[in-house]
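Visitor: Have a look at this one before I ask anything.
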Amino acid sequence: MRIASIGGGPAGLYFSILAKKMFPRAEITVYERNKPDDTFGFGVVFSDATMGNFAQADRESHQAITGSFAHWDDIDIQFKGRTLNSTGHGFSGMSRQGMLTILQDRCAQLGVDLRFQTEVKDLEQFDDYDLVLAADGVNSVVREKYAAQFGPHLDFRPNRFVWLGTDYEFPAFTFIFKENEHGLWRVHGYRYMAGYSTFILECTAETFKRSGLKVEDENATVAYVQELFNDDIKGHKILKNRSLWRQFPIITCDKWHYKNAVLMGDAVHTAHFSIGSGTKLAMEDSIALAEAVKRSPDDIPAALAAYEAARRPMVESIQRAARTSLEWFEQTERYYDHLEPIQFGFSLLTRSLRISHSNLKLRDPKYVASIDRWFAGQAANQSGVNVQADPPPPPMFTPFRLRDMVLANRVVMSPMCQYSAKDGTINDWHLVHIGSRAVGGAGLVMTEMTDISEEARITPGCAGIYKKEHVAAWQRVVRFVHENSYAKIGMQLAHAGRKGSTKLAWQGVDRPLDSGNWPIMAASPLPYLEGVSQIPREMTRKDMDKVRDDFVRSATMAEEAGFDVIELHLAHGYLLASFISPLTNQRKDDYGGSLENRMRFPLEVLDAVRKVWPKGKPISARISATDWAEGGVDAEESVRIAAMLKAHDLDIVDVSTGQTVAYEKPVFGRLFQTPYADRIRLEVGMPTMTVGAVSSYEDVNSILAAGRADLCVLARAHLYDPYWTRHAAYEQGYALPWPDPYASLVRYTPRHK
Ligand SMILES: Cc1cc2nc3c(=O)[nH]c(=O)nc-3n(C[C@H](O)[C@H](O)[C@H](O)COP(=O)(O)OP(=O)(O)OC[C@H]3O[C@@H](n4cnc5c(N)ncnc54)[C@H](O)[C@@H]3O)c2cc1C
Ligand SMILES: Cc1cc2nc3c(=O)[nH]c(=O)nc-3n(C[C@H](O)[C@H](O)[C@H](O)COP(=O)(O)O)c2cc1C
């Protein structure tokens, strides 16, 4: 077998070691354009968990690597004159040069042919090789030359960073946040060998510009950094080594292999340095590729396909976490300006959403107890309700106040259409659906989207609140919730707009009825599904008056039924949302064009409803913070939308996304909508609810403690498990009072296996 590696970094060298062990007679050549000891960067860092993989793959190099390690458990966060310390994290660091030397020596020992100072320009010379590794790093020539085959995507991020070193030994993995006249600087510092630390400095593009520093002027950089951080490194020296100011590229590729060639390491994917080293990913690629080749040495294209299939999901998951972490460092100013130091620290530690409140509790229970105590104190102040301080409850079991309504905890059952009403009148199904979730422990249960008129319904099965009998039916549900649980109950008020007059969800989502369609209307005469949906009529001012008055009538009825809170549905492309998004609003009058114009009618409805809704009761609005489509609402505009709603006395925004246009391209994932709630909460300074793939109590506690939202809204999790909140309480050893008829459960131990 003949194998060539273009590039002698961690990916190329480590694969060569593993392959030579598996196929001792293979001819393996590594081409490296640099000299053996000619490296950039300072230290590499690994988490304890990573090292287990390397021990299994090659004991010899693992021993040499771990023998050179500097190990530490602590993270120090220096922020506004304080140092917060958290322990139990388990990292090791070593010099990149030391690491490469170990891998080069091991290659030589096994008989790999190492050719330094040899630059490879293309793949043709390797046509008759069995396997060619394109392990040529972030600026991969192979990837770019064969771009049509690999489909690379390079996203250069706006922040600037520079890789420096220092002869100061940081006692822990250290983050420093420091402000000067140019802006806020972030330092990622860690020891990698006796007497030396890596010192990565990062800032926004604006701060970099204001500093007057030049990308390539290493001496000026060193002088600037030395002066600014002299005290933090106790007068030690800042060191350079090709220390240019870079922009981090997020690299992904549509395909990882072509004929006998395969991309590996930084050449095919990058993960921001704030989450862990690219070195780890590169070496794990080597392990996965070696295993795939071992399984089918006679069919290399099949091995390469198997390698990509096995490795891609893991890499993508790490890249998602890395992106979330990278975004935290792009937006650090927001957290720095708005969060108290203790919460800032928690937000930083949980930034990638991979380390949760529970993980952190295992690593450092004292730190998490201090966060929980602080959070409980904040909740007590905010709600005016006593909260036990010692031990404090988990964040999710703290109270929250909106006007006179005090929620017992932070869990909300999301509005979910049941399509089971008749003529808008709900029945026993709705009583049990909502009632059981209230008994199940949520602090707030929401009705499904409840329509303000007959023609405002999505389907003939949608619930309404526009007739006298509707009030009585809802009264029964409200009474049950109030009499049998501590939950509060809210009603989501809506008009379906252009998404109205369609079949029940299980008969065909968004499909018009086979017969009996009613006329629909919207901001503009655009059908939801081109060629399928009815074309809505463009609303006239008279239509707007009627819709506004219907909202007012329904709000009055909701008050009569006894609801604690109402939520206006300004999301998901329904009638009021169709005014907000430029994709669905093409009006030329005062209600179209600028955001001020597009918000005019929704705000008019909010004002009118606010007038009749009791002063002591809050109003929420659900918005789509992005349309996930070009030219639509985006995160930035959603901040302005929320600010306008706040100026019109809205109490809380329920931050959802999308469903505005059928051609949207949403990026789903765990907590995928939370960053929008986080941004609005801090930039607008108003309470938010987050919804969307929030499913574990760890997520809820992490979101709350980090200040990403005030309430967590769960939809499908509640369909699956009406007692979700009770189960979360049990898992956390937190005693939730049971309703009297269930009191015998106090001594009962549930078993699920
Ligand atoms: C400036 C900088 C500093 C860094 N410092 C650190 C650090 O301190 N710690 C850390 O963990 N990570 C660091 N990284 C990231 C880390 O280097 C990579 O994630 C990791 O090395 C990826 O391994 P790799 O083998 O895929 O690529 P690389 O390590 O980049 O190796 C690729 C190799 O291919 C060689 N090469 C490229 N083109 C050719 C060619 N045409 N012919 C022959 N040879 C070629 C290059 O010289 C290089 O040695 C740094 C990255 C940069 C850009
Ligand atoms: C069956 C079902 C019905 C829904 N009906 C509504 C609704 O009436 N109003 C609304 O704003 N969102 C509705 N949604 C969206 C949910 O409220 C929620 O935003 C979405 O499911 C994401 O949350 P999850 O990941 O916790 O399920 C519905 C979702 C489901 C699964």
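FYI, it's all coordinate maths here, none of it is from the lab. A quick note: this is a predicted structure, and the numbers were derived from the prediction, not measured. Neighbour counts are summed over all protein chains in view; Cβ atoms, including those assigned to glycine, are modelled from backbone coordinates with ideal geometry.
Visitor: Starting from the Cα gyration tensor of the range 1-138, multiply each eigenvalue by 5, take the square root, and state the resulting semi-axes largest first in whole Å.
Guide: Equivalent ellipsoid of the range 1-138: 34, 17, 12 Å, largest first.
Visitor: Figure the gain on full extension for Lys237 and Ala108 (residue separation times 0.36 nm, minus the Cα-Cα span) and round it to one decimal in nm.
Guide: 42.9 nm
Visitor: Here's another thing I want to ask about it. Once phi is turned into ³J(HN,Hα) by the Karplus curve 6.51 cos²θ - 1.76 cosθ + 1.60 with θ = phi - 60°, what whole-Hz value does each residue of the range 745-753 show in order, with x for glycine and proline?
Guide: 5, 4, 9, 9, 10, x, 10, 10, 10
Visitor: Something else: Going by how many other beta carbons lie within 10 Å of each one, how would you line up Arg479, Arg401, Arg437, fewest first?
Guide: Arg479, Arg401, Arg437
Visitor: Restricted to Cα positions, what overall size does the range 122-270 have along the principal axes? Three whole-Å values, descending.
Guide: Result, largest extent first: 58, 36, 24 Å.
Visitor: What is the gain in length, in nm to one decimal, between Asn85 and Glu596 on full extension, counting 0.36 nm per residue of separation less the C-alpha to C-alpha distance?
Guide: Taking 0.36 nm per residue and subtracting the Cα distance, the gain is 179.4 nm.
Visitor: Let me ask you something else. Taking Rh as the Kirkwood radius, which is the inverse of the mean 1/r over Cα pairs, what is the Rg/Rh value for the range 624-753?
Guide: 1.08
Visitor: Just report the Cα centroid separation between the range 500-532 and the range 660-687, whole Å.
Guide: Each part reduced to its Cα centre gives a spacing of 27 Å.
Visitor: Is the shape of the chain rounded, prolate or oblate, going by the alpha carbon gyration tensor and its root eigenvalues a ≥ b ≥ c, with a/c under 1.5 for rounded and a/b larger than b/c for prolate?
Guide: Here the chain falls in the prolate category.
Visitor: Going by a ≥ b ≥ c, the root eigenvalues of the Cα gyration tensor, does the range 542-591 fall in the rounded group (a/c under 1.5), the prolate group (a/b larger than b/c) or the oblate group?
Guide: Oblate is the answer for the range 542-591, as a/c is 1.5 or above yet b/c matches or exceeds a/b.
Visitor: Count charges around Ala463 for me, please; just the other residues with Cβ under 9 Å from its Cβ, Lys/Arg as +1, Asp/Glu as -1.
Guide: That works out to -1.
Visitor: Compute log10 of I(q)/I(0) for the range 185-329 with the Debye formula, placing one identical point scatterer on every Cα and leaving out solvent, at q = 0.09, 0.15, 0.17, 0.19 Å⁻¹, to two decimals.
Guide: -0.40, -0.86, -0.99, -1.11
Visitor: With an 8 Å Cα cut-off and a minimum separation of 6 or more residues, compute the relative contact order for the range 3-138 in percent.
Guide: 43
Visitor: Right, next: So what's the net charge close to His272: Lys and Arg +1, Asp and Glu -1, counting the other residues with Cβ under 15 Å from its Cβ?
Guide: Here the count lands on +3.
Visitor: Between Arg246 and Asn230, with labels modelled 7 Å along Cα→Cβ, what's the label distance in nm to one decimal, could you check?
Guide: 3.0
Visitor: Would the range 692-733 count as rounded, prolate or oblate if I go by the C-alpha gyration tensor, calling it rounded below 1.5 in a/c and otherwise prolate when a/b exceeds b/c, oblate otherwise?
Guide: Oblate, because a/c is 1.5 or more while a/b does not exceed b/c.
Visitor: Here is a further query. Assuming 0.36 nm per residue, please report the length gained on full extension of the stretch Ala635 to Ala389 beyond their Cα-Cα distance.
Guide: Stretched out fully, the Ala635 to Ala389 stretch lengthens by 84.9 nm.
Visitor: For the range 501-574, report the translational diffusion coefficient in µm²/s to the nearest whole number, using Stokes-Einstein at 25 °C, 0.890 mPa s, and a Kirkwood Rh over Cα pairs.
Guide: 169
Visitor: Semi-axes of the range 284-399's equivalent ellipsoid from the Cα gyration tensor, sqrt of 5 times each eigenvalue, largest first, rounded to whole Å?
Guide: 44, 16, 10
Visitor: Still on this structure: 222 nm [θ] for the chain, helices only, -39500 (n - 2.57) per DSSP H run of 4+, per residue, to 500?
Guide: Mean residue ellipticity at 222 nm (helix-derived): -11500 deg cm²/dmol.
Visitor: In what order do Tyr734, Tyr307 fall by count of nearby beta-carbon atoms within 10 Å, going from fewest to most?
Guide: Tyr734, Tyr307
Visitor: Can you list the lysines whose alpha carbon sits under 22 Å from that of Lys178, skipping same-chain ones fewer than 8 residues off?
Guide: Lys80, Lys209, Lys214, Lys234, Lys237, Lys240
Visitor: Please figure out what share of the DSSP beta bridges in the range 481-626 is antiparallel and state it in percent, rounded to the nearest 5.
Guide: Among the beta bridges of the range 481-626, antiparallel pairing accounts for roughly 10 percent.
Visitor: Run the simple label-point estimate for Arg403 and Arg537 please: 7 Å along Cα→C-beta, distance reported in nm.
Guide: It works out to 3.4 nm between the two label points.
Visitor: Just to confirm the filter: which GluC sites (Glu not before Pro) across the range 212-251 are DSSP coil and have at most 15 other Cβ within 10 angstrom of their Cβ?
Guide: Answer in residue order: Glu216.
Visitor: Any idea how far the Cα center of the range 713-735 sits from the one of the range 1-55, in Å?
Guide: First find each Cα centre; the distance between them is then 47 Å.
Visitor: Taking the Cβ of Asp130 as the centre, find all other residues whose Cβ is under 10 Å away and add up their charges (Lys, Arg: +1; Asp, Glu: -1).
Guide: With Lys, Arg at +1 and Asp, Glu at -1, the neighbours total -2.
Visitor: Counting other Cβ atoms within 10 Å of each Cβ, which chymotrypsin sites (Phe, Trp or Tyr not before Pro) in the range 583-687 have at most 13 and sit in a DSSP loop?
Guide: Sparse-neighbourhood loop chymotrypsin sites (Phe, Trp or Tyr not before Pro): Tyr663, Phe668.
Visitor: Still on this structure, I have one more. Normalised by the number of residues in the chain, what is the relative contact order in percent for Cα pairs under 8 Å and 6+ residues apart?
Guide: 9
Visitor: Show me the three semi-axes of the equivalent ellipsoid for the range 215-290, from the C-alpha gyration tensor (sqrt of 5 times each eigenvalue), largest first, rounded to whole Å.
Guide: Each semi-axis is √(5λ); the values are 36, 14, 10 Å.
Visitor: For the pair Leu719/Val215, report the inter-label distance in nm, with labels modelled 7 Å from Cα in the Cβ direction.
Guide: The modelled label-to-label distance comes out at 5.0 nm.
Visitor: Report the dimensions of the range 339-432 along its three principal axes from the alpha-carbon atoms, largest first, rounded to Å.
Guide: 55, 32, 23
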